[in-house]
Amino acid sequence: MASDDRIALCVARFYADLADALEAGARDALDEAGITQVDRFVVPGAFELPLICRYAAESGRYAAIVALGAVIRGETDHYDHVCRETARGLQDVQLSSGVPIGFGVLTVDTLDQALARVRGGTKRDSGRHAVEAALASLVVRRELSERPRRAGFSA
């Protein structure tokens, strides 16, 4: 990565402790990648993440974006709607803007499952993985943009 890359961390704080742990993992990965220019934007919940990621992508300031948050299943189908629309919205933003978005939104049944999937958990560090995914996409984007194109016409 280029040390001058600027990354946007978009963080849903509905579950503040989980958001903090996801962000800590993401920042660890950014530090290891040598990325120091990080801007943080906060929203109340995961449902709002696609919109702030769109704002960040459209600003032209960011090489990549990382979306962090958690949705824990409750007693109603609200969980299904929030998870589906958050994932769809984030995918729409990255496909329409071309700015990679790391998906660090936990979609779990229980708090214990969520805690296992953040920095210090027993399963994986989803904040770290979201950064790694966004940076990997950015590398491919740059590799493809630097390759020479064929001259002439194609049939």
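Values in this text are rule-based calculations from the coordinates and carry no lab data. Remember, predicted model here, so these are calculated numbers, not experimental data. Please note: Cβ atoms are built from the backbone with ideal geometry, for glycine as well, and neighbour counts cover all protein chains shown.
When the alpha carbon gyration tensor of region 1-52 is reduced to an equivalent ellipsoid, its three semi-axes come out at 22, 13, 6 angstrom, largest first.
As a size descriptor, the averaged projected area of the C-alpha convex hull of the chain was calculated at 10.9 nm². Taking the fewest neighbouring Cβ atoms within 10 Å as the starting point, the ordered list for SER126, SER96 is SER96, SER126. Each stretch of four or more DSSP H residues adds -39500 (n - 2.57); spread over every residue of the chain, this sum gives -15500 deg cm²/dmol at 222 nm.
Can you find, among PRO100, LEU111, ILE72, the residue farthest towards the positive end of the dipole of region 6-146? Put +1 on the C-beta of Lys and Arg, -1 on that of Asp and Glu. With unit charges placed on the Cβ atoms, the residue in question is PRO100. Antiparallel beta bridges, as assigned by DSSP with both residues in the chain, represent about 0 percent of the total such bridges.
Each Lys and Arg Cβ is given +1 and each Asp and Glu Cβ -1; about its Cα centre, the chain then shows a dipole of about 580 debye. Counting only Cβ charges, +1 for Lys and Arg and -1 for Asp and Glu, the dipole size of region 1-78 around its Cα centre is about 200 debye.
Counting every other Cβ atom within 10 Å of each residue's Cβ, LEU68, LEU111 order from fewest to most as LEU111, LEU68.
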